[in-house]
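Below is one structure, written out as structure tokens; comments come after it.
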Amino acid sequence: MGDLARDVANDPEWPSRRGRSGQRAYLEECGAIPAAIEMFEDAWVRYEAYRAALGDA
């Protein structure tokens with residue numbers, strides 16, 4: 001997950017405002033390997049859980 005985070009942080013073209021589907025599509029367009037796509041999905045699920053926990057606090 002750290003590699004993905006570093007890649008995103010260093011990519012000036014990263015589509016931050018395109019949401020989950022737009023970001024996944026961007027990864028696919030860039031030729032990301034399946035493991036990177038899976039990590040992105042896992043990170044997104046964790047992000048949603050984190051946001052939900054903040055809302056419950």
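If you line up the long axis of helix 34-56 against the longest principal axis of the chain, both from Cα atoms, how many degrees apart are they, to the nearest 10?
Here the helix axis deviates by roughly 20 degrees.
For the chain, what does the accessible surface come to per residue with a 1.4 Å probe? Please give it in Å².
76
Here are several values of Cα extents along the principal axes in Å: [x] 52, 31, 10; [y] 63, 21, 17; [z] 38, 22, 19. Which one was derived from the coordinates shown?
[z]
Determine ³J(HN,Hα), in whole Hz, for all residues of the stretch 3-14 in sequence, where each value follows from phi through the Karplus function 6.51 cos²θ - 1.76 cosθ + 1.60 and θ = phi - 60°; x replaces Gly and Pro.
4, 4, 4, 5, 4, 5, 4, 8, 9, x, 9, 4
How big is the dipole moment of the chain about its Cα centre under a simple scheme where the beta carbon of each Lys and Arg is +1, that of each Asp and Glu is -1, and everything else is neutral? Debye, nearest 20, please.
240
What value, in deg cm²/dmol to 500, does the helix sum -39500 (n - 2.57) over DSSP H runs of n ≥ 4 give at 222 nm once divided by the residues of the chain?
That comes out to -24500 deg cm²/dmol.
How many nm separate the modelled label positions at Glu29 and Ala5, each set 7 Å beyond the Cα in the direction of the Cβ?
If labels sit at Glu29 and Ala5, their model points lie 2.6 nm apart.
Among Ala36, Leu4, Ala53, which residue has its Cα furthest toward the positive end of the charge dipole of the chain, with +1 on Lys/Arg Cβ and -1 on Asp/Glu Cβ?
Looking along the dipole axis, the top candidate is Ala53.
May I ask you to compute the full-extension gain from Ala36 to Arg51, defined as 0.36 nm times their residue separation minus their alpha-carbon distance, rounded to one decimal in nm?
3.2 nm
Which percent of the accessible heavy-atom area of the chain goes to carbon and sulfur, probe 1.4 angstrom?
The computed percentage sits at 53.
The values are calculated or read from the model by the stated rules, or taken from the named source; none is laboratory data. Only a predicted model underlies this, so the values are computations on that prediction, with no experimental measurement involved. Because the Cβ atoms are built from the backbone with ideal geometry, glycine has one as well, and the counts that use them run over all protein chains shown. All accessible areas refer to the heavy atoms of the entire protein, side chains included, with ligands and DNA or RNA removed. Shrake-Rupley method; radii C 1.70, N 1.55, O 1.52, S 1.80 Å.
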